[in-house]
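Novice: Below you will find the structure I want to go over with you.
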Amino acid sequence: MKGVSITSKKPKLSFWQIWNMSFGFLGIQFGFALQNANTSRIFETLGADTENLAFYWLAAPVTGLVVQPIIGYYSDRTWHPTWGRRRPYFTIGALLATAALCIMPNSPALWVAIGTLWIMDGSINISMEPFRAFVGDMLPDEQRTQGFAMQSFFIGVGAVVASILPWVFSHWLGVSNQAEEGQIPPSVKWSFYIGAFAFITAVMWTVFTTKEYPPEDTDTTDQVDAELINNNTTAPATYVKIGLALLFITIALCSWFYMADLNPQLYVLCGVIGFFAIAYVVAGLLMINNSPTNGFIQIVQDFQHMPKTMVQLAYVQFFSWFGLFTMWIYTNSAVTSHIFNSSDTTSAAYNEGADWVSFLFSWYNGVAAILALIIPYISKALSRRHTHLIALCCGGLGLISFYFTTNHYMLLVSMAGVGFAWASILSVPYSMLSSSLPAKKMGYYMGIFNFFIVIPQIIAASLLGFLITTFFDSEFIFALILGGGSLILAGILCLLVNEGKNK
């Protein structure tokens, strides 16, 4: 297909046009929320060992690590006179994700459920990743914060509704939340069916109500690629050297983990470093021996030469999402043991605490949905980086306050701070980033930017359990303190971000 660029003179869109182009995120978040809230329950029902849940869950971030840059790379080079640039990927991802959402609660065995998680997460990423670039394509700079905030609003609404669907079916509609051993409860199945319908309906609403700008020029793919290659200032041998250095680190870490007989999940960290090591070595060798127009080579080159603002935001994203994943993994254990004083999963106190955690998660998503509509005005008054600093610090202090809380109702205040951080994380960094990216590589760099979401998730899943059991005697409340500190550090790093011309 032809390489395309988006016209630099974009007209301002109306509120309802931005609403339509963002509405698909409501369906996407239905899929993610159902996946996040119910996958562990499905795995355990099908016989999964609780100690291996984090390992089974790694399918999600690993899929994103591979899929997102590939989809971004090819969506940048796509143009269809009817379907446009990004909308073909919205459609394909929605169809696949809808099928996976219907299959997941009907999995007959654990291995089927794990495989379906790979398909589901990959399909959701196919739809989701181009949505971030869509805002950069369609909106002028001064409306991008509003566009990403609208996406955050739909993310919050979708998360609240999808998270409580099983409870609604069992408590309001009389659908059973119990089933025979090895069977998924009907309340969960119907929640996934509703989620599948919401996913395809919302995404296709955006597809059919939004028109994309046609290409401004007629550059061929070869011409565009040649332009990108000319901007590469790193010698092929340097890529090989970087890859070999990363490979050495991978081998050294694996050797240490083996000799010290450490937690096997730590080897996942080696896998992440090894992934980049192999990518760099292969790209360097291909550059030496073949034409540098190879798509894989360009992906690695562009990663090596990320825009300065993107590099600065990468650190912010890493510590933001490390803190978030710490919260998602350990809030239930921390609240039940530290505030409800029970770790017995059969006790009334434990289950009361677990139910309260579910409510808290819906609460902070609801707060985020409301604040997402206010953040554009705050960022206009204070600047985007100072808005993000304040939001992340509120979230970090909210998590740390769990340690000092004895009344569980006070956690509503704590999680309101997290909701502010969540609303900002889903909008402000993307707004700052989109202003610094070349239009021809908007989709690819948005995919690469998501590396700094999935990498901290992988590290959290592989490292946190070891840290908490080794240094904090399995007191999970300290995991939330660690997560809160990570959010505050991310906020401080915002001060180093150069927003460019857009405030």
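Novice: How large is the charge dipole for the range 379-502, taken about the Cα centre, if only the Cβ atoms of Lys, Arg (+1) and Asp, Glu (-1) carry charge, to the nearest 20 debye? Provide the component values of the computation, followed by the final result.
Specialist: Values: 6 positive and 3 negative charges, 145 e Å.
Dipole size: approximately 700 debye.
Novice: For the range 91-191, count all C-alpha to C-alpha pairs, find those more than 22 Å apart, and express that count as a whole percent of the total.
Specialist: 47
Novice: Within the accessible area of the chain, what % is carbon and sulfur when the probe is 1.4 Å and the other protein chains stay in place?
Specialist: 66
Novice: Quickly rank 297-307, 239-249 as a protection proxy: mean count of other C-beta atoms within 10 Å, highest first.
Specialist: Details: 297-307: 19.0, 239-249: 17.1.
With the highest mean Cβ count within 10 Å placed first, the list reads 297-307, 239-249.
Novice: Roughly how far apart, in whole Å, are the Cα centres of the range 377-404 and the range 244-313?
Specialist: Their Cα centres are 33 Å away from one another.
Novice: Which FRET efficiency value, to the nearest 0.05, do you get for Asp473 and Trp167 by plugging their Cβ-Cβ distance into 1/(1 + (r/R0)^6) with R0 = 41 Å?
Specialist: So, using R0 = 41 Å, E works out to roughly 0.75.
Novice: Here is a follow-up. Report the extension gain between Ser14 and Tyr377 in nm, rounded to one decimal, defined as 0.36 nm multiplied by the number of residues separating them, less their alpha carbon distance.
Specialist: 129.0 nm
Novice: Using the structure shown, list the pairs from Lys10/Lys211; Lys241/Lys440; Lys12/Lys380 with a Cα-Cα distance above 19 Å, or answer none.
Specialist: Numbers: Lys10/Lys211 13 Å; Lys241/Lys440 29 Å; Lys12/Lys380 17 Å.
The pairs that break the limit, which is 19 Å between Cα atoms, are Lys241/Lys440.
Novice: Also, quick follow-up: Could you work out the local net charge near Asp137, counting Lys and Arg as +1, Asp and Glu as -1, over the other residues with Cβ closer than 9 Å to its Cβ?
Specialist: Net of charged neighbours comes to +2.
Novice: For the range 87-222, what is the charge dipole size about the Cα centre, in debye to the nearest 20, if Lys and Arg each add +1 at the Cβ and Asp and Glu each add -1 at the Cβ?
Specialist: Working: 5 positive and 12 negative charges, 132 e Å.
Charge dipole, the range 87-222, about its Cα centre: 640 debye, nearest 20.
Novice: Using a ≥ b ≥ c from the Cα gyration tensor of the range 357-420 (square roots of the eigenvalues), is it rounded, prolate or oblate, where a/c under 1.5 gives rounded and otherwise the larger of a/b and b/c decides, a/b for prolate? Please list the in-between numbers first.
Specialist: Numbers: a/c = 3.55, a/b = 1.73, b/c = 2.05.
Oblate shape, in that a/c is at least 1.5 and b/c is the bigger or equal ratio.
Novice: Per 5 Å bin, what percent of the C-alpha pairs of the range 35-134 does each bin hold, from zero upward?
Specialist: Histogramming the range 35-134 at 5 Å steps yields 2, 14, 22, 21, 15, 11, 8, 5, 2, 0, 0 percent.
Novice: Could I ask something else about it? Relative contact order (percent) for the chain, with alpha-carbon contacts under 8 angstrom and 6 or more residues of separation?
Specialist: Numbers: 837 pairs, mean separation 123.6, N = 503.
Here the relative contact order equals 25 percent.
Novice: For a quick protection proxy, order the peptides 358-366, 87-95, 274-282, 427-435 by their average other-Cβ count within 10 Å, most packed first. Walk me through the numbers on the way to the answer.
Specialist: Details: 358-366: 20.2, 87-95: 22.1, 274-282: 18.4, 427-435: 26.3.
Per-residue mean Cβ counts within 10 Å order the peptides as 427-435, 87-95, 358-366, 274-282.
Novice: Sorted by packing (mean other beta-carbon atoms within 10 Å per residue), highest first, where do 402-415, 197-210, 174-187 land?
Specialist: Highest mean packing first, the order is 197-210, 402-415, 174-187.
Novice: Consider the candidate values [x] 83, 49, 39; [y] 66, 58, 48; [z] 78, 53, 50; state which one is Cα extents along the principal axes in Å computed from the structure displayed.
Specialist: Among [x] 83, 49, 39; [y] 66, 58, 48; [z] 78, 53, 50, the one derived from this structure is [y].
Novice: Give me the one-decimal Kirkwood hydrodynamic radius in Å for the range 138-182, with the sum taken over alpha-carbon pairs.
Specialist: Kirkwood hydrodynamic radius for the range 138-182: 13.3 Å.
The values are calculated or read from the model by the stated rules, or taken from the named source; none is laboratory data. Remember, predicted model here, so these are calculated numbers, not experimental data. Here Cβ is always computed from backbone atoms with ideal geometry, including for glycine, and neighbour counts include all displayed protein chains. Note: areas computed on protein heavy atoms with side chains; ligands, DNA, RNA excluded. Shrake-Rupley method; radii C 1.70, N 1.55, O 1.52, S 1.80 Å.
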